[in-house]
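The structure appears below as structure tokens.
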Amino acid sequence: MKITIFKHKLFYFFIILGLIVSFNSCSDDDDDDFQTFLERYDGTKWVNTDEFTFYIRLNDNTNKLIESWILFDDCYFYDVDFESEGVELVENSKDKLIIKFTDDGDITTVTITMQGETLRAVVKEGNEEDIIYFDKSSVNVDDLEICPIEN
């Protein structure tokens, strides 16, 4: 009788131990799907039309983080923002991108986050702070007419 009770207890112990191990070894799928801000929004295009038409494209490429197209008359001025030695990628987490740009001692920090379906860029230069909102765009920015470069 004691042996039968011991066998049942041992059997239940191993069942419970097996369940505990299997539940603890399950991982949360969200951890596997983690993407940085630049990975998540790589190649996305955004537009701001508050004062003038201003397109940007985010890139998961440290040599070309943000491209911009600004409308002047009937052509666009193209620039690759933050493409220099004075650029530091401070944070590229799931929900935030922070870029610091140093030029001749002047420091500009750009913090980019999503606010609903809108891209929010906070630009800090010294004591001044500007907030720029961008809407998602489907415009093919590669087809925009680029202004000729004057020497």
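What's the extension gain from Asp135 to Lys96 if we count 0.36 nm per residue and subtract their Cα-Cα distance? Intermediate values should be presented prior to the final figure.
Working: separation 39, 0.36 × 39 = 14.04 nm, distance 1.68 nm.
Between Asp135 and Lys96, full extension yields 12.4 nm more.
Determine the relative contact order of the stretch 32-91: mean sequence separation of Cα pairs under 8 Å and six or more apart, normalised by residue count, in whole percent. Don't skip to the end; give the middle numbers.
Numbers: 85 pairs, mean separation 13.1, N = 60.
Reported relative contact order: 22 percent.
Could you sort the peptides 51-64, 102-115 by per-residue average Cβ neighbour count (10 Å cutoff), highest mean leading?
Details: 51-64: 15.5, 102-115: 13.7.
Averaged packing, sorted descending, gives the order 51-64, 102-115.
Accessible area per residue of the stretch 60-151 at 1.4 Å probe, in Å²? Could the numbers behind the result be given before it?
Working: 6270 Å² over 92 residues.
Using a 1.4 Å probe on heavy atoms only, each residue of the stretch 60-151 averages 68 Å².
Suppose each label sits 7 Å from its Cα in the direction of the beta carbon; what would the Ile146-Arg40 distance come out to in nanometres?
3.1 nm
How far apart, in nm, are two points set 7 Å out from the Cα along the Cα-to-Cβ line at Asp106 and at Asp79?
Roughly 1.0 nm, to one decimal.
Search the structure for amide H atoms under 5 Å from the amide H of Val90, placed 1.01 Å from N in the peptide plane, and list their residues when 5 or more places away or on another chain.
Answer set, sorted by chain and number: Ile98, Ile99, Lys100.
Short version: ³J(HN,Hα) in whole Hz for each residue of the stretch 125-132, in order, from phi by Karplus 6.51 cos²θ - 1.76 cosθ + 1.60 (θ = phi - 60°), x for Gly and Pro, what are they?
Each residue of the stretch 125-132 in turn: 10, x, 8, 9, 9, 10, 10, 10 Hz.
Highest mean first, how do 130-140, 88-98 rank when packing is the count of other Cβ atoms within 10 Å averaged over residues?
88-98, 130-140
The values are calculated or read from the model by the stated rules, or taken from the named source; none is laboratory data. This one's a predicted model, so the numbers in the text were calculated from it and none came from an experiment. So basically every Cβ, Gly included, is an ideal-geometry build from the backbone, and we count neighbours across all protein chains shown. Heavy atoms of the whole protein, side chains included, go into the accessibility calculation; ligands, DNA and RNA do not. Shrake-Rupley method; radii C 1.70, N 1.55, O 1.52, S 1.80 Å.
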